[in-house]
Amino acid sequence: MAFGQLRLVGLSAFTRWIMDEKLEKTLSGIAGDHVRFHCSMAPYTTLKVGGEVAALWEVLGLEELLSGVSLLRRAKIPYFVLGGGSNLLIRDGGVEGVAIRLGGSLAHIEEDSRDELKLKAGAGLSISDLLAVCRQKGYGGLEFLAGIPGSVGGAVAMNAGAFGMDMASVIHCLEMVSPSGELVEKEIQELSFDYRKLHLEKGAIVSRVLLGLKRRAAQDIAERMAGYLKKRKKTQPLEYPSAGSIFKNPPGDHAGRLIEFTGLKGAKKGGAMISPKHANWIVNTGNARAEDILALIELTRKEVRVRTGVELELELKVLGR
Ligand SMILES: Cc1cc2nc3c(=O)[nH]c(=O)nc-3n(C[C@H](O)[C@H](O)[C@H](O)COP(=O)(O)OP(=O)(O)OC[C@H]3O[C@@H](n4cnc5c(N)ncnc54)[C@H](O)[C@@H]3O)c2cc1C
């Protein structure tokens, strides 16, 4: 038994070493100094936990993204897109493969010369930068995003929303890189959105989005945003690192209400705590590990299942080993 386990450990370390060699050779050539190997993910997620990713690659333009994706695919190297890391839990053992961050021209914003109510935003742009432009130039319709951290691409992939609105209602068209490394454009009617989900082919990367907006006075936009932020401050534990809501609301109910009913508010595991302020939020009180957060997730699921019969579904994306 002990020998069998040793062999398994040895094999997986060897496989990892082969993978590292292949990765370094494949990426160093095309990514230059925009790639870092064995990079801790904790600083890149809002929960501030998680192990290392094999490589973190900052892709600065569309051509690089297109060639990069086909290269990774040909080399059979797994990858995922890291936006603002505000809906991500990376396990303590880290993630094999490459985290791709979109920057440079993929984080720009352009006004549409043919239609004054459209904005083209790169997926790597932060939501706060997008909202700053909207406020300054009088583009209304995205105020509901005030207080949602992360990137435009993450908001699209998660169909982020609040106060009865979501990304699906403002997207006009998406530009994406397919898993085989081709550029694809899709109009809204060709896309399938659900609650906190855009159905994307596995490995597809959103590169840019065309948003359909409304003309609104800058002052009006600023006031709407301030109103939403005030509501958030009242109900959300914004003083701690978190990933927002952990579970999706089940149809016709609120995950927070069900969790509160189980009496789990304030429950702790290591440095992680179910927020006493909002039961559907797990916060990092300072020294949490991913395993602490995962343990609270499992405890919550079990208690809610046993006490109410409802099976909660994760909104949070969990990656790694
Ligand atoms: C304080 C706080 C408040 C929050 N409030 C809300 C809220 O009110 N409503 C809400 O909906 N969410 C909320 N969230 C959750 C989170 O901010 C959103 O889901 C956000 O849109 C995630 O964006 P991100 O860039 O951080 O994505 P990440 O967390 O980096 O990634 C999330 C998923 O999207 C994928 N992804 C990211 N970019 C791309 C891309 N370009 N192409 C394809 N896939 C991509 C990732 O691979 C991953 O699977 C909150 C989080 C926090 C911390």
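Here are the numbers for the structure shown:
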| read-out | value |
| --- | --- |
| Condition check for G83: closer than 20 Å to N159 by Cβ and either touching a Cys at 6+ places or on another chain (Cβ under 9 Å) or not in a strand (DSSP E or B) (or both) | yes |
| Condition check for E291: among the acidic types (D, E), in contact (Cβ under 8 Å) with a residue 60 or more places away in the chain and closer than 25 Å to P43 by Cα | yes |
| Members of the range 27-58 found to be among the acidic types (D, E) and either over 14 Å from R101 (Cα atoms) or away from the ligand (no atom under 16 Å from the Cβ) (or both), listed by number | D33, E52 |
| Count of residues meeting criterion [surrounded by fewer than 19 Cβ atoms within 10 Å (Cβ to Cβ) and assigned to a loop (DSSP other than H, G, I, E, B)] in the range 283-299 | 3 |
| Contacts under 7 angstrom Cβ, first residue in the range 49-73 being more than 21 Å from I90 (Cβ to Cβ), partner assigned to a loop (DSSP other than H, G, I, E, B) and modelled with pLDDT of 95 or more, 6 or more apart | L60/G103 |
| K231 being farther than 30 Å from Y139 by Cβ and among the basic types (K, R) | no |
| Residues (of a type in the set (V, I, T) and part of a loop (DSSP other than H, G, I, E, B)) located in the range 300-321 | V310 |
| Residue within the range 204-214 that is within 14 Å of the ligand (Cβ to nearest atom) and out of contact with any Asp or Glu (no Cβ under 8 Å at 6 or more places or on another chain) present | yes |
| Yes/no for D253 being in a loop (DSSP other than H, G, I, E, B) and charged (D, E, K, R) | yes |
| Residue within the range 263-277 that is touching a residue at least 24 places away in the same chain (Cβ under 8 Å), part of a helix (DSSP H, G or I), charged (D, E, K, R) and within 30 Å of H38 (Cα to Cα) present | no |
| Residues of the range 74-113 classified as away from the ligand (no atom under 13 Å from the Cβ) and touching a residue at least 24 places away in the same chain (Cβ under 8 Å), total | 12 |
| Count of residues meeting criterion [touching a residue at least 12 places away in the same chain (Cβ under 8 Å) and not in a loop (DSSP other than H, G, I, E, B)] in the range 121-168 | 31 |
| Options E143, E223; residue that is more than 8 Å from the ligand (Cβ to nearest atom) and out of contact with any helix residue (DSSP H, G or I) (no Cβ under 6 Å at 6 or more places or on another chain) | E223 |
| Test: K186 is assigned to a helix (DSSP H, G or I) and either over 25 Å from E313 (Cβ atoms) or among the β-branched types (V, I, T) (or both) | no |
| First in the range 189-209 and under 13 Å from A168 (Cα atoms), second anywhere and among the hydroxyl-bearing types (S, T, Y) and at pLDDT 95 or above, Cβ under 8 Å, 6 or more apart | L198/S192; H199/S192 |
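The values are calculated or read from the model by the stated rules, or taken from the named source; none is laboratory data. This one's a predicted model, so the numbers in the text were calculated from it and none came from an experiment. Cβ: placed from backbone, ideal geometry, glycine included. Neighbour counts: every protein chain shown.
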